[in-house]
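To start, the structure itself, in structure tokens.
The values are calculated or read from the model by the stated rules, or taken from the named source; none is laboratory data. Note that the structure is a prediction, hence the values are computed from the model and not measured. All Cβ positions, glycine included, derive from the backbone under ideal geometry; neighbour counts span all protein chains shown.
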Amino acid sequence: MNRREIFIAAMNHQEVGRVLVDQGKQVGSIHKFGYAKIREIMGLPPKEGVILDRMSQCVVSDEDLLEAWGIDFRWLIPNWVQIEEIDADHYRNLFGVLFRNSGDYFSVYDAPLREKELTDIETYPWPELNDPAMFAGLRARAQDLHENSDYVIGADGIKGGILQTSLELRGYDQLYMDFYLEPEFANALLDKVTDCYKQMYTNYMREVGEYVQIVYLTDDFGSQNSMLMSKDMWETFMKPRQAALIAHIKSLAPHVNVMFHTDGSVLPIIDGMIEMGVDILNPVQTSVEELKDTRALNERYGDTIAFHGAIDVQNIMVNATPDQIREEVNMRLCDLGKGGGYIIATCHNIGYDIPPENLKAFYAAVQEFSGYPLKRLGGE
């Protein structure tokens, strides 16, 4: 079976061929400070990476590295558009949010709607949603991949998400207070941002929908030890809007699987995410207590949702030995790959604090252990 056939089987929760491996999308790429050393340890010629994500300062993984690691996915990356360059250390994104260079990455520096009233939402200078430059060249790239390879083709996320963009516009502290004190403002802002993303994904799917097998959406609902809002609040403000966006995307490309990124402790809302149409949960952040037991997670949810990620970049990939990483990879594959429905990958971006030899060990272990039937070290 080729990669796409294996992917379809995995999404149908079947153990076929092997567990696929992913790398290179918006959340899951390599920080620019570490790229040269990674290429060196993989025996590849020196090359500077092209920035993929302006905020995180991660780079596009070149084709030779993807091949060396045996990556089964190729991601279409929307173009950064409508950026206002202020100076070398400041820029405004397409929603008009100011970002400042923090050294390793760019962080939000102001919230343009913080002091605004309800009536200001409609008069705010929203982005040009039908900007053809956002997806220029992606259709040709998608068609070429579809016709000349068997890679699983993914539509990487349009930068941001409904909650993230609303938080950046209003201010993190202010929007969370709005949920309690100014729900009319919060609802109006979230609705407007949802409408923006719906239109942008309409244009995106018009360009590439017939060729892609997976669409990636991002937002963060969890922290290291709790959700960022109560479950009730999430169900009130976020779930219906995320469900509407997912339904909209699937109405445009009914065959696609939607992968949703949310970091943190989100176990209380996994059922709700399934209900809102999520097919694949990313990143399964195993550094948080409630998601460490991936065997139990798969036993509980493995028949109804697929999993992507689970290889911790906060502790394991940074501090473990190559032999320990080999054991970790085997465990996560056996835990989450049972019954199909798992794509192995790092939980988040590959920081320059991760020793390159650990990355080499990770991808070598994937090649060693990812074939079905999965065999657990120690013979459990």
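Between 360, 375, the distinction of being surrounded by fewer than 19 Cβ atoms within 10 Å (Cβ to Cβ), in contact with a helix residue (DSSP H, G or I) (Cβ under 8 Å, 6 or more places away or on another chain), in a helix (DSSP H, G or I) and among the basic types (Lys, Arg) belongs to 360 only.
Listed by first and then second residue, the pairs with beta-carbon distance under 7 Å, at least 6 apart or on different chains, first residue in segment 34-58 and at negative phi, second in a strand (DSSP E or B) and at pLDDT below 95, are 58/52.
Hey, any hits in segment 101-111 for a residue that's closer than 18 Å to residue 192 by Cβ, part of a loop (DSSP other than H, G, I, E, B) and not small (Gly, Ala, Ser)? Scanning segment 101-111, I find no residue that is closer than 18 Å to residue 192 by Cβ, part of a loop (DSSP other than H, G, I, E, B) and not small (Gly, Ala, Ser), so the answer is no. Considering segment 234-339, the qualifying helices (runs of 4 or more DSSP H), each wholly inside and each with 3 or more residues that are touching an Asp or Glu at 6+ places or on another chain (Cβ under 8 Å) and within 30 Å of residue 207 (Cα to Cα), run over 239-252.
Listed by first and then second residue, the pairs with beta-carbon distance under 9 Å, at least 6 apart or on different chains, first residue in segment 225-237 and farther than 18 Å from residue 289 by Cα, second among the hydrophobic types (A, V, I, L, M, F, W, C) and assigned to a strand (DSSP E or B), are 233/227; 234/227.
For segment 46-67, filtering for residues that are touching a Phe, Trp or Tyr at 6+ places or on another chain (Cβ under 8 Å) and not basic (Lys, Arg) leaves 6.
Scan segment 277-292 and give yes if some residue there is surrounded by 20 or more Cβ atoms within 10 Å (Cβ to Cβ), among the hydroxyl-bearing types (Ser, Thr, Tyr) and over 15 Å from the mean Cα position of the chain (by Cα), otherwise no.
yes
Look through segment 9-35, keep the residues that are surrounded by fewer than 17 Cβ atoms within 10 Å (Cβ to Cβ) and out of contact with any Phe, Trp or Tyr (no Cβ under 8 Å at 6 or more places or on another chain), and return whichever of them is nearest to residue 347 (Cα to Cα). Going through the qualifying residues, I end up with 13. Among the residues here, residue 365 qualifies as farther than 23 Å from residue 57 by Cα, aliphatic (A, V, I, L, M) and either surrounded by 23 or more Cβ atoms within 10 Å (Cβ to Cβ) or out of contact with any Leu (no Cβ under 8 Å at 6 or more places or on another chain) (or both). Against the criterion of being in a helix (DSSP H, G or I), aromatic (Phe, Trp, Tyr) and out of contact with any Pro (no Cβ under 7 Å at 6 or more places or on another chain), residue 197 qualifies. So for segment 164-173 (the condition being of a type outside the set (Lys, Arg), crowded, with 16+ Cβ neighbours inside 10 Å and more than 22 Å from the chain's Cα centre (by Cα)), does at least one residue qualify? Yes, there is a match, as at least one residue in segment 164-173 is of a type outside the set (Lys, Arg), crowded, with 16+ Cβ neighbours inside 10 Å and more than 22 Å from the chain's Cα centre (by Cα).
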